[in-house]
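Working notes for the structure below.
Read the figures in this text as sums done on the coordinates, not as results from a lab. Quick caveat: nothing in here was measured; it's all calculated off a predicted structure. Cβ sites come from the backbone with ideal geometry, for glycine too, and all protein chains shown count toward neighbours.
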Amino acid sequence: MIFILLPLTGAIIGWITNVLAIRLLFRPQRPLQLWPLPITLQGLIPRRRAELAANIGEIVAKQLFSMDELTAQLNIPQLQAEVEKIVEKAVAEWCEQRMNILPSTVRNYVSTMLRERVATEVATQFPAMAESVFAHLRQQVDVQAVVTEKVNALALDEVEALVLRVSHRELKQIERLGALLGLIIGFLQAVLVIYII
């Protein structure tokens, strides 16, 4: 009977302990005073949320994503061609609206000439303009601050649901491992009780 009772009790205690440990990562969300003890209980993630958000922001900014990498991924010749088309269309529309008093042959000639000249000039200047824009983006966009702010803005329930959804299988394995370790410890206790004591 002792070889059943002690391992079973150990397995239940091990499983419950790990379930509680996992829940205490997220709960309680607000500090809870354990009266009359001078102990305040709060989940690890709610208590250290700002620090976690700052660390996530730093990791993302330094190791995962930067404005330099973003700009390096852009296809400048493709963007240049698209900008040229947009400028041609804008100039054609402008000419159509502003020069409708001119005869159609003159209007078409001027419109074509302006479209080609302006679009070509803009396309030629586009790499320098893009580099200037990218330089301003690098100065003005703080990836670390953006990520930190976004993580801090997430509701704690959303963070908990996200972590549980992503790591559900692993957390269940941790719970089962607690039961298995409790079972083994209970069995060893039974051996000690029977053979040593």
Residue among ILE22, ILE185, ILE39 with the largest mean-square fluctuation in a Gaussian network model of the chain, springs linking Cα atoms under 10 Å: ILE39
Cut-off under 14 Å on the C-alpha distance; same-chain residues fewer than 8 positions from LYS89 excluded. Which aspartates and glutamates are left, in chain and number order? GLU116
Computed from these coordinates, which is Cα Rg over 2.2 N^0.38 Å: (1) 0.97; (2) 0.92; (3) 2.01? (3)
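If I require 24 Å or longer along the helix axis, counting alpha carbons, and a Kyte-Doolittle average no lower than 0.0, what helices from the chain are left? Use full DSSP H segments.
Going by DSSP H runs, the hits are 2-23, 156-191.
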Pairwise centroid distance, computed over Cα atoms, of region 150-196 with region 64-139, Å: 59 Å
With +1 assigned to the C-beta of every Lys and Arg and -1 to the C-beta of every Asp and Glu, and no other charges, what is the dipole magnitude of the chain about the Cα centre in debye, to the nearest 20? 740 debye
